[in-house]
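The values are calculated or read from the model by the stated rules, or taken from the named source; none is laboratory data. These numbers were taken from a predicted model, which means no experiment stands behind them. Neighbour counts are summed over all protein chains in view; Cβ atoms, including those assigned to glycine, are modelled from backbone coordinates with ideal geometry.
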Amino acid sequence: MVDPKKASWAAARRADRRQRRRQDYRDGLRPFAIAAWNISKEYNVGSLVRTAHATAATEVLLVGDRDWNVEAARTAELYTTVLHLPDAGAFRAHLAARSWQLVAVELHRRAVSLFEARYPDRPCFLVGAELGGIPEELIADAAAVVQIPQWGLVPSLNLAVAGSIVVYDFLAKLHRAGRLDRPGGGLAPDDNADP
C-alpha cells in the first residue's frame with residue numbers, strides 16, 4: 001500500500017523541480033526574437049515555435065491576422081512567449097520597445113549570403129509569408145537582409161526551415177566568437193537539482 005504522506009511529498013518534490021527547471025529556462029533566454037510575417041501555412045509557425053524554444057529565443061512574433069497550428073509546436077508553446085501583432089505599425093513599435101534589430105530573411109537585391117551574414121547584437125529574425133514574402137517597407141527598416149544560398153530549382157524554403165537555418169547560423173557564429181553560453185545545449189547548471 002502506498003503511504004499517502006510519501007506520495008504527497010514525492011509529488012511536491014517533482015512539482016518543485018519542474019518549476020525550478022522552467023525558471024532556469026526563462027532565466028537562460030537569449031536576446032533574440034523570431035518573427036513571421038502574415039503567414040499563409042499555419043503549421044509552419046508551430047515548427048518555428050519549436051525552434052524558438054530549442055534555441056531559447058526570447059519570443060516569437062506573429063504579424064498579421066492569421067492564426068497558427070499549435071499542434072506542430074508539440075508543447076513548446078507552453079514555455080515560449082508567442083505574441084500576435086496586427087500589422088507592420090504594431091510590429092515596428094514592438095521592435096523599438098524591445099530594442100530588437102530587424103534582420104529580414106528574404107530573397108532580395110539587398111540581401112547578403114547567409115555564409116557572409118553579420119548579425120546585430122539583438123536580432124529579430126523576420127521570415128516572410130510563403131506567398132509574397134516580406135513587404136518592401138520592412139526590408140527598408142532592416143539592419144540586415146539575409147538570403148539562404150540554394151542550388152535547386154525551387155527558389156525558396158518554407159518559413160520554418162528558413163527561420164531555423166538562420167537562427168542556428170546566428171548561434172554558430174556566436175559560438176565561433178566565444179560568445180555562446182551553454183554551447184553544448186541544456187539548461188544552466190542547477191546547484192539545487194536532485195542527484
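Suppose the filter is in a strand (DSSP E or B) and over 15 Å from PHE32 (Cα atoms); does HIS108 pass it? It is false that HIS108 is in a strand (DSSP E or B) and over 15 Å from PHE32 (Cα atoms). A residue that is of a type outside the set (Gly, Ala, Ser) and under 16 Å from the mean Cα position of the chain (by Cα) occurs somewhere in the stretch 104-119.
In the stretch 12-38, the residues that are outside any strand (DSSP E or B) reach residues that are at pLDDT 85 or above and loosely packed, with under 12 Cβ neighbours inside 10 Å with C-beta atoms within less than 8 angstrom, at least six apart or across chains, in these pairs: GLY28/ASP181. Being touching a residue at least 12 places away in the same chain (Cβ under 8 Å), of a type outside the set (A, V, I, L, M, F, W, C) and within 30 Å of GLN19 (Cα to Cα) is a description that applies to ASP181. Checked against (1) surrounded by 16 or more Cβ atoms within 10 Å (Cβ to Cβ); (2) closer than 30 Å to ARG14 by Cβ; (3) not small (Gly, Ala, Ser), ASP181 passes all but a single condition, namely (1). Only residues that are modelled with pLDDT under 85 and surrounded by 23 or more Cβ atoms within 10 Å (Cβ to Cβ) were counted across the stretch 45-66, and they come to 1.
Just to verify a result, which residue in the stretch 163-192, among those that are among the aliphatic types (A, V, I, L, M) and modelled with pLDDT of 95 or more, is farthest from ALA33 (Cα to Cα)? Ranking the candidates gives ALA177 first.
Each residue in the stretch 1-40 was checked for being surrounded by fewer than 16 Cβ atoms within 10 Å (Cβ to Cβ), of a type outside the set (Val, Ile, Thr) and over 30 Å from ASP181 (Cα atoms), and 12 pass. Can you name the residue in the stretch 129-160 that is touching a helix residue (DSSP H, G or I) at 6+ places or on another chain (Cβ under 8 Å) and part of a helix (DSSP H, G or I) and, of all such residues, is farthest from PHE32 (Cα to Cα)? The residue in question is GLU137.
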